[in-house]
Amino acid sequence: MSPRVLALRALGLGDFLTGVPALRGLRRALPGHTMVLAAPEALRPLAELSGAVDRLLPTGELEQIAWPGAPPEVAVDLHGNGPETKRLLEVLHPRRLVAFAGPVGDGTRLAGPRWDPDEHEVRRWCRLVDAAFGGHADPEDLLLAAPSRPPAAVGAAVVHPGAASASRRWPAERFAAVARHLARSGERPVVTGSPAEAALIERVVALAGLPPEAALGPTDLAGLAALVAHARVVVCGDTGVAHLASAYRTPSVVIFGPTPPSRWGPPASGPHTVLWRGSGVGDPHGSRPDPALLRVSVPEVLTSLDGALSRTTAAG
């Protein structure tokens, strides 16, 4: 049996996708090892498309990891910088624990590279892997394999109005104006979201005057990945769908609010437009739309969207 590496990143869609380059760096650094990712079960289809892991071990955020058998050869904290996650891995007694420097939770302190709160999420985890194993992680290594599932729509303009918190949700009325513009421009807008966002999807579709079949959400992650991979363009806030657009190099217009794109934005090398009218860091978990988010206007988004579509048409 080959030695096993356990990587903990039990977070959401965007978190997983921004961690893919680090996971691939781990695989390159430890080619004879079995790569195990502790993450939510819902991410399994994308973990398989990444080619970076051999096995997904279903785990919720800050939950005890149900690790089977002998301790892992290496455990890597790709989750955060708190003592809780380090402790979740330490209790498994790995031969080597890789994490950023900090307290473990039992009075001891782990040595490692320094945590930088202003660092881009992709580069942060690549830096951790490189510090532990040498230069194996490439922050540009974001692309996923094409999903085998046929998309619900080919060549659609994906409008994704949702986000995990209200502070990152551009108003539904503005997303509806964007969807209406897309329809009038001859595009096929579709509106997506999570199961919890069904009412938001219906509202945007109704406000935009779109037919009911324009509401494609809620859908699972495999279906969403297939849709984004074959889309003409994606317009959304700072959420997981923006990172799916990066993973498939699908042109996108991403509206940022409380969190600056220097921390979570798409790669500059991709066909992506970032709109941000902030000057600092707000509350990404706030209960109201962030003022920086509201300063991004509908005309700005339409101008960026038209430019993205014209470039796509010219390249196609």
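Here are a few things to note about the model shown:
- Restricting the search to helices (runs of 4 or more DSSP H) fully inside region 180-270 and requiring at least 1 residues that are over 26 Å from PRO291 (Cβ atoms) and among the small types (Gly, Ala, Ser) gives 198-208, 221-229, 240-247.
- The listed residue being buried (at least 19 other Cβ atoms within 10 Å of the Cβ), under 10 Å from VAL36 (Cβ atoms) and either outside the structural domain of ALA29 (by TED's automatic domain parsing) or at pLDDT 95 or above (or both), out of PRO94, PRO72: PRO72
- Filtered residues of region 100-127 (kept if under 23 Å from PRO139 (Cβ atoms) and assigned to a loop (DSSP other than H, G, I, E, B)): PHE100, ALA101, GLY112, PRO113, ARG114, TRP115, ASP116, PRO117, ASP118, GLU119, HIS120
- Residue within region 157-173 that is farther than 16 Å from VAL228 by Cβ, outside any helix (DSSP H, G or I) and without any contact (Cβ under 8 Å) to a residue 40 or more places away in the chain present: no
- GLU41, sole failed condition from (1) surrounded by 15 or more Cβ atoms within 10 Å (Cβ to Cβ); (2) farther than 29 Å from ASP118 by Cα; (3) touching a strand residue (DSSP E or B) at 6+ places or on another chain (Cβ under 7 Å): (1)
- Residues that are out of contact with any strand residue (DSSP E or B) (no Cβ under 9 Å at 6 or more places or on another chain) and either polar (S, T, N, Q) or closer than 23 Å to ALA132 by Cα (or both) within region 51-68 comprise GLY51, GLN64, listed in sequence order.
- Residue in region 81-92 that is farthest from ALA247 (Cα to Cα), counting only those that are in contact with a strand residue (DSSP E or B) (Cβ under 9 Å, 6 or more places away or on another chain) and assigned to a loop (DSSP other than H, G, I, E, B): LEU92
- Among the candidates VAL253, VAL281, VAL205, residue that is within 19 Å of VAL296 (Cα to Cα), buried (at least 21 other Cβ atoms within 10 Å of the Cβ) and of a type in the set (Val, Ile, Thr): VAL253
- Any hit, region 164-186, residues being under 22 Å from PRO45 (Cα atoms) and surrounded by fewer than 16 Cβ atoms within 10 Å (Cβ to Cβ): no
- Given (1) modelled with pLDDT of 95 or more; (2) assigned to a helix (DSSP H, G or I), index of the condition ASP141 fails: (2)
The values are calculated or read from the model by the stated rules, or taken from the named source; none is laboratory data. Remember, predicted model here, so these are calculated numbers, not experimental data. We place every Cβ from the backbone using ideal geometry, glycine too, and count neighbours over all the protein chains shown.
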